[in-house]
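Below you'll find the structure, written out as C-alpha cells, and then a few comments.
The values are calculated or read from the model by the stated rules, or taken from the named source; none is laboratory data. Please read all numbers here as calculations on a predicted model, not as lab measurements. All Cβ positions, glycine included, derive from the backbone under ideal geometry; neighbour counts span all protein chains shown. Side chains included, ligands, DNA and RNA excluded: accessible areas come from the protein's heavy atoms. Shrake-Rupley method; radii C 1.70, N 1.55, O 1.52, S 1.80 Å.
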Amino acid sequence: MCGIVAFIGDRSAKDVLIEGLTRLEYRGYDSAGIAIIEKDKIEVFRAKGKLSILKELVADKELTASIGIGHTRWATHGKPSYENAHPHFSNHIAVVHNGIIENYLQLKEELIQKGYDFKSETDTEVIAHLIDSLYEGDLFDAVRKGIKRLKGSYAIAAISEKEPDRIVVARYDSPLVIGISEDDVFAASDIPAVLNYTREFIFLEEGDVALLRKGSIKIFNGEEEVTRESKHIDWNPVMAEKSGYKHFMLKEIYEQPRGIIDTIRGKYSLEDGKIYFGEIDFERINNIKKIVIVACGTSWHAGLIGKFYIENLARISVEVDIASEFRYRNPIIDEETLLLPISQSGETADTIAALRLSKKSGAKVVSICNVVGSTIARESDGVIYTHAGPEIGVASTKAFTTQLVSLFLFALFLAQKREKLSRDEIKWYLGELIKLPEKIELVLKHDKYIERIARDFINFKNFLYLGRHYNYPIALEGALKLKEISYIHAEGYPAGEMKHGPIALIDKDMPVFVLGTKSEIYDKILSNVEEVKARSGIVISTVTEGDEDIRGKSDYVIEVPSCIDELTPFLNSVVIQLFAYHCANLLGLDVDQPRNLAKSVTVE
Ligand code: F6R
C-alpha cells in the first residue's frame, strides 16, 4: 500500500529516491513522484502510471539536491492520476503519505474555510495544508501539532524549503523505518528500499515523530523525546534483486529450498530428537487451552494447514480466522488463548487489529513473520521469524512455504513440550523434514514441463482446484495464485465438497487441477477424479512418483517425489506456483505487479 522514501545526507537525493522507489514499487504502482530541495527551492516531479514514466521524466535532469522525499502510490482516495500523485504541497511544504486519514473531509472543510485551495482528491493534500496552517517557523513543531489532528493511519515524510536541512517523518499504523549510514539518513516504508546503502535500521513506534538531519536523528513520542535502538538487518541487497530471473516471483519460487533451510536452521537437533524455540518462553504459554490463528490471503492458507499440524501433532484445539472477519465477530479470547498471527510483511492492517484486540482480552501472542522490526513482530510476546529474505513479487511464494515450515516445527515443539510425541517420533519427523529442500529442488526441475502444460490452458476462462486434508488449503492457494496474477477465474474446493455444488460446473471448458499426491485419503481423491472425468472435465494432477492410478485417469500429470502426508503441501505448492506463474507470463501479464494489488495491505 503505497511506498514512501526520504533521504538527507551526502548523496544525490534524486538517485537515492529513484532507487528506493524502484525497490518499493511492489507496494503500489498507480503513480509516483519525488520532491527535492534544489538550491533552496522545492522541485516536484510526478507521473501517473508506472515508475518507469517518472524515471524517464527525471533521467536527464541535472539535480544536485541531497534532500528529498518520494512516493509510489496505491490509490485509496482519488483515482490514479497526475493530480493525485504524491508529493502534495502547500506553499513551501511538500508531503508524502502512506495510509488513510479517516477525518480528512472534516479537515478539508476547515482548511477550505481558511482559504486553502485543493488540487487533488487525496486525503494527503489535507496533511500538507494542515501542516502549512500550523507552521510558525519550525517544521518539526508543525508536524507534531498536525498529527494530533489526524484520525486514521499514516506514515508521513515532510520537507519545507524554508528549512532545507531537515526532513520530518511520523508514523501511526503504517510502517516506517529509518536507515542510518554515517551522515546519510534514510526513511522508508520497507527495508529493501535502502538496503543498498545501509543495514542499520531504527523501527519507529506508533505515534513517533522524527526529525532527520545529516548524521542526526531526534525522535519524539507525544511530548517526550525517546530513544529507539537500531537493529542490524542481515538481508543483503542482492536478495532484493532479480539476479537474472525474468521476474521476482520466479526467483522467489526457486529460493524456497534455501528459505526453508534458513528458517529451520538452529531450531532442532536431529541427534537428540529435540526442537528448540529460544524465541518463545514456553512457560508463558504452558497453560493455553486453544490456539487462534489469524491471517489474510496466502498467510491464511498457511494457517489452515497449521491447524492440521498443531491439532494432529500437539493435540491442541486450533481455530483459524481471516483477520478481517475475526475482529468484527466478537471472538471468544481469554488468558488461556494463544493468538498466532501469520504475516509476511508484519504490517497487514487487519492482522494487526486482530492482534491488538486479542491482547486486550489477555491472550498471549506468538507471531510468524518475515520482517524483523515490523509492527506485528514488535507487538507480539514472541516471534518465529521466517527467513525467506525479502519477498518482492506481489504474489506470495517463499513466504508461504517458510510459514508452513515454521508451523510444522512449532507443532512439533508443542508436541514435545506437552509430551504428545516421543523423542523417536520427533526424530522421525525431523528426518523427513530435512529431506524436503532436496525434494523441492526435484519439483523445480519440472519448470519447463509445467510451462508447456500452462501453454495449453492460457485461453481458458475458469479453473477449479481440488485438494483434500493437508492439500485442501493448497487448492485455495492454487486458485488464488492463478487469479491474482493471470486474471483467470479460479476456485479452490475441498474435493469432497465437489458433489455438493461445484460439480455442476464441470464440463470440457472447466479444467480441474487436482492435488493428487499419495496420502491417507488418496482413494477418496481418486474417486473425485473419476467424478470429474465422467463429466468430460479435463484433469491436471500432481502425482507421487510411481503412482499409476491417478496418472491413468488424468489428462496431464506432474510428478513429485514421495514424502509423508504432512509435507505434501510443500511439493504441491511449488507446482501450483509455477503453473500460475507460467500462465501469467505466457499471457504477457505483469507478474510481479498484478493490477489493483499491492504487496502489503496496510489499510483495512
Ligand atoms: C497473495 C498474497 C496476499 C498476502 C496477504 C497477507 O499472494 O500475497 O494474499 O498473503 O495480503 O499479507 P501478509 O502475509 O504480509 O500479512
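Taking the 1.4 Å solvent-accessible surface of the range 111-222 as the whole, the part contributed by carbon and sulfur is 43%. Accessible surface area normalised per residue over the range 121-195 is 28 Å², counting heavy atoms of protein chains with a 1.4 Å rolling probe. Across all directions, the average projected area of the convex hull around the alpha carbons of the range 347-408 is 4.3 nm². Placing R0 at 51 angstrom, the Cβ-Cβ distance between D117 and N459 gives a FRET efficiency of 0.50 after rounding to 0.05. Expressed in nm to one decimal, what extension gain is obtained for the pair L442 and K499 from 0.36 nm per residue of sequence separation less their Cα-Cα distance? Result: 17.1 nm gained on full extension. For the chain, a Kirkwood hydrodynamic radius built from all Cα pairs, placed in the Stokes-Einstein relation at 10 °C and 1.306 mPa s, yields a translational diffusion coefficient of 63 µm²/s.
Mark the label point 7 Å from the Cα of E182 along Cα→Cβ and return the residues of the range 215-241 whose backbone N is within less than 12 Å of it. Label zone hits: 215.
The GluC sites (Glu not before Pro) of the range 389-497 that DSSP puts in a loop, and whose beta carbon has at most 15 other beta carbons within 10 Å, are E419. Membrane-span-like helices in the chain (whole DSSP H runs, Cα extent of at least 24 Å along the helix axis, mean Kyte-Doolittle hydropathy of at least -0.5): 398-417, 568-586.
Solvent-free Debye calculation, one equal scatterer per alpha-carbon of the range 255-341: log10 I(q)/I(0) at 0.26 Å⁻¹ equals -1.34. Here is the result for the range 510-565: no trypsin sites (Lys or Arg not before Pro) lie in DSSP coil with at most 10 other C-beta atoms within 10 angstrom of their C-beta.
The fraction of accessible area contributed by carbon and sulfur in the range 510-604 is 42 percent, rounded to a whole number (1.4 Å probe; ligands and nucleic acids excluded). Measuring between alpha carbons in the structure, the pairs from K267/K445; K251/K461; K448/K483; K79/K151 lying more than 25 angstrom apart are K267/K445; K251/K461. Maximal additional length on extending the I434-R378 stretch stands at 17.2 nm, based on 0.36 nm per residue less the C-alpha distance. What a 1.4 Å probe finds exposed on the range 267-392 is 48% carbon and sulfur by accessible area, rounded to a whole percent. In whole angstrom, the range 194-350 maps to an equivalent ellipsoid with semi-axes of 32, 25, 18, each derived as √(5λ) from the alpha carbon gyration tensor and ordered largest first.
Looking at the range 1-108, the accessible area is 36 square angstrom per residue; that uses a 1.4 Å probe and ignores ligands, DNA and RNA. Only beta bridges with both residues in the chain are counted; by DSSP, about 65 percent of them are antiparallel.
Give, as ranges by residue number, the residues of the range 124-139 whose backbone N falls under 14 Å from the point 7 Å along Cα→Cβ of N91. Counting backbone N atoms under 14 Å from the label point, the list is 128-139. Between A534 and K151, the FRET efficiency from the beta-carbon distance, with R0 = 60 Å, is close to 0.55. Note that the range 361-466 shows a convex hull volume over its alpha carbon atoms of 195 Å³ per residue.
For K61, a cut-off of 17 angstrom between C-alpha atoms picks up these lysines, skipping any fewer than 8 places away in its own chain: K14, K39, K41. Can you compute the label reach from E224? Point 7 Å from Cα along the Cβ direction, backbone N cut-off under 16 Å, restricted to the range 197-214. Under cut-off, by backbone N: 204-210.
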